[in-house]
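Here's the structure we're looking at; comments come further down.
The values are calculated or read from the model by the stated rules, or taken from the named source; none is laboratory data. Computed from a predicted structure; not experimentally measured. With ideal geometry, Cβ positions are generated from the backbone for all residues, glycine too; neighbour counts draw on all protein chains shown. What goes into the accessible areas is simple: the full protein's heavy atoms, side chains included, and nothing from ligands, DNA or RNA. Shrake-Rupley method; radii C 1.70, N 1.55, O 1.52, S 1.80 Å.
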There are 2 protein chains.
Amino acid sequence: MGPKREPLSRERVVAAAMALADEKGESGVTMRAVAARLGVEAMSLYNHVAGREGLLNGMVDAVFAEIELPAPTADWKTAMRERAVSSRAALRRHPWAVGLMDSRRQPGPATLRHHDAVLGALRAGGFSVAMAGHAFSLIDSYLYGFVLQELSLPFNDHAGLEEVAGDILNDLPAGAYPHLTELATEHALKPGYDYADEFEFGLTLILDALQPDERPQ
Amino acid sequence: MGPKREPLSRERVVAAAMALADEKGESGVTMRAVAARLGVEAMSLYNHVAGREGLLNGMVDAVFAEIELPAPTADWKTAMRERAVSSRAALRRHPWAVGLMDSRRQPGPATLRHHDAVLGALRAGGFSVAMAGHAFSLIDSYLYGFVLQELSLPFNDHAGLEEVAGDILNDLPAGAYPHLTELATEHALKPGYDYADEFEFGLTLILDALQPDERPQ
DNA sequence: CACGGTAGACTTACGCTGTAAGTCGCGTCA
DNA sequence: TGACGCGACTTACAGCGTAAGTCTACCGTG
């Protein structure tokens, strides 16, 4: 009788959940809310994803799919830099993804493809298997940690930093925490400062300190 | 008439919430559950903490209080290493704390003391204000990122790694993801491997690459 | 073409959650 | 002694994830 509804699918469900998460954060991804966005009831989603957890699995894999794959070039340093920059951008687009990325017991195809390409770029650059593992872990730790901090800071830009830092500094016992005060007033609250710029400093330091093994295995 | 109950206090509430979080994870910290552990009803907690969010504030500050403060010695490298090791231990004791540490709009006294001491140790080691800021951000990014990965991996020890990796590898299309397979079979699944050991590699690399400014300001 | 069986899409209903709003009882001061 | 005020506590509610139950639409068979 009524017009036939566009049927649900895993892709449609995951896409709606991601859009919702981008707008309202991970906690905004309720089965009801996702369903409402698709014009169905909550329980219909369970036919396409394995509960909330399965939905998160799909969302994580979709984030990995957004990260540019490094080519297996000899210039591993550039490949790693670009991969890190692309990952940071994806994680900033989808703040809810940090912390979910490594927790999947059943990684999706995009996740596996991503990890394989990163390792391939390091191997092509002359890293041994073991050293490629070290480098992958180190770079990802820095990447995830930086984005985690960047996203969880209670401000987004210089103006927000000024406001929050000002509030905190005002409430401080005078003279307590001298180094913190020094950093704030003489550095972080100066006009040109942007916390986001710290990313390049650390990434460059790490990439310059990393080296392929002298005798690749 | 009845025996007088030990009155609640912010400290007792926060301690109970931390114990609960350690046992059942952050999501186990429900107002009801915390209250039940203290023998009261949920709403009583609201007299001592500003809702669930205020409770989390107190829990985060308590975690900072558990981290050993670096002494303002000239040996900044040792101080930073020990601070990182102590922080990692605290974050592993309280897995729920990662991701909450930098998000507090109103940092508690232990948090402020901690940050001030870290900056103080770097300044005493010859770092300029700006370089101390860079170093703090870099080390903490690595620290938080490593612990985040370490904790979110879906296994805890070598046996668990073998099981999960085995399951994943079995489900893989043969020949797809060659570098991932290589890393697993030739490195990570070998007897002596433990992901936790990667921490030292990255920390040492970072600390060796960091240097005080040549002309401290 | 008719029809019975069944897989899969969908909804209802339940035991949870965080907390706003309301109630109680004790300590204090006239 | 009495009653007032305020902090400690509970009740009640809207909204959560999902187990269990319902219903629809299709397909193979005669």
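The table for this structure:
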read-out: Dimensionless Rg/Rh of the range B:1-117 - Kirkwood Rh, Rg from C-alpha atoms; value: 1.06
read-out: Gyration tensor verdict on the range B:1-49 (Cα atoms; rounded if a/c is under 1.5, prolate if a/b is larger than b/c, oblate otherwise); value: prolate
read-out: Mean Kyte hydropathy of 0.5 or more with a Cα span along the axis of at least 24 Å, helices from DSSP in chain A; value: A:129-152
read-out: Rounded to the nearest 10 Å², the accessible area of A:Y46 at probe 1.4 Å; value: 100 Å²
read-out: Length-normalised contact order of the range A:1-49 in % [C-alpha pairs under 8 Å, at least 6 apart]; value: 36 percent
read-out: Low-density loop cleavage sites - GluC sites (Glu not before Pro) in the range B:6-53, where at most 11 other Cβ are within 10 Å (DSSP); value: B:E41
read-out: Inter-probe distance in nm under a simple model that places probes 7 Å from Cα toward Cβ, at B:D167 and A:Y193; value: 4.6 nm
read-out: Cα-centre dipole for the protein assembly as shown with unit charges at Cβ (Lys and Arg positive, Asp and Glu negative), debye to 20; value: 1360 debye
read-out: Per residue accessible area of chain A, 1.4 Å probe, in Å²; value: 48 Å²
read-out: Given charges at Cβ of Lys, Arg, Asp, Glu: the range A:1-67 dipole, positive-most of A:A62, A:A42, A:T30; value: A:A42
read-out: Top of B:L119, B:L205, B:L55 by mean-square fluctuation, Gaussian network on chain B, Cα under 10 Å; value: B:L205
read-out: Size of electric dipole in chain A: Cβ of Lys, Arg +1 and of Asp, Glu -1, about Cα centre, debye, nearest 20; value: 1300 debye
read-out: Hydrodynamic radius by Kirkwood, which averages 1/r over all alpha carbon pairs of the protein assembly as shown, in angstrom; value: 23.7 Å
read-out: Signed unit charges on C-beta, dipole axis of chain A, positive-most listed residue A:V118, A:G133, A:P7; value: A:P7
read-out: Centre separation in Å (Cα based) which lies between the range B:142-217 and the range A:150-177; value: 35 Å
read-out: Extension reserve of the A:T181-A:E200 stretch, reckoned as 0.36 nm per residue once the Cα distance is removed; value: 4.4 nm
read-out: Residues losing 50 Å² or more accessible surface upon assembly, the range B:84-121, compared with the chain by itself, 1.4 Å; value: B:D102, B:R105, B:L112, B:D116, B:L119
read-out: Delta accessible area of at least 40 Å² on complex formation, residues of the range B:164-203, 1.4 Å probe, chain isolated as reference; value: B:I168, B:Y177, B:H179, B:L180, B:E182, B:L183, B:H187, B:E198, B:F201
read-out: Inter-copy label distances at B:E68 (7 Å, Cα→Cβ; nm, one decimal); value: 4.4
read-out: Three principal axis lengths of the range B:95-198 [C-alpha, angstrom, descending]; value: 53, 29, 24
read-out: Net length gained if the chain between B:E23 and B:Y46 were fully extended (0.36 nm per residue, minus Cα distance); value: 6.0 nm
read-out: Between B and A, accessible area buried - total, square angstrom, nearest 100, 1.4 angstrom probe; value: 4700 Å²
read-out: Principal axis dimensions, largest first and in whole angstrom, of chain B by Cα; value: 73, 57, 25
read-out: GNM flexibility winner over chain A from A:L112, A:L172, A:L207 (Cα, springs under 10 Å); value: A:L172
read-out: Relative contact order [Cα under 8 Å, 6+ residues apart], chain B, whole percent; value: 19 percent
read-out: Heavy-atom accessible surface of the range B:34-134: percent carbon and sulfur, 1.4 Å; value: 52 percent
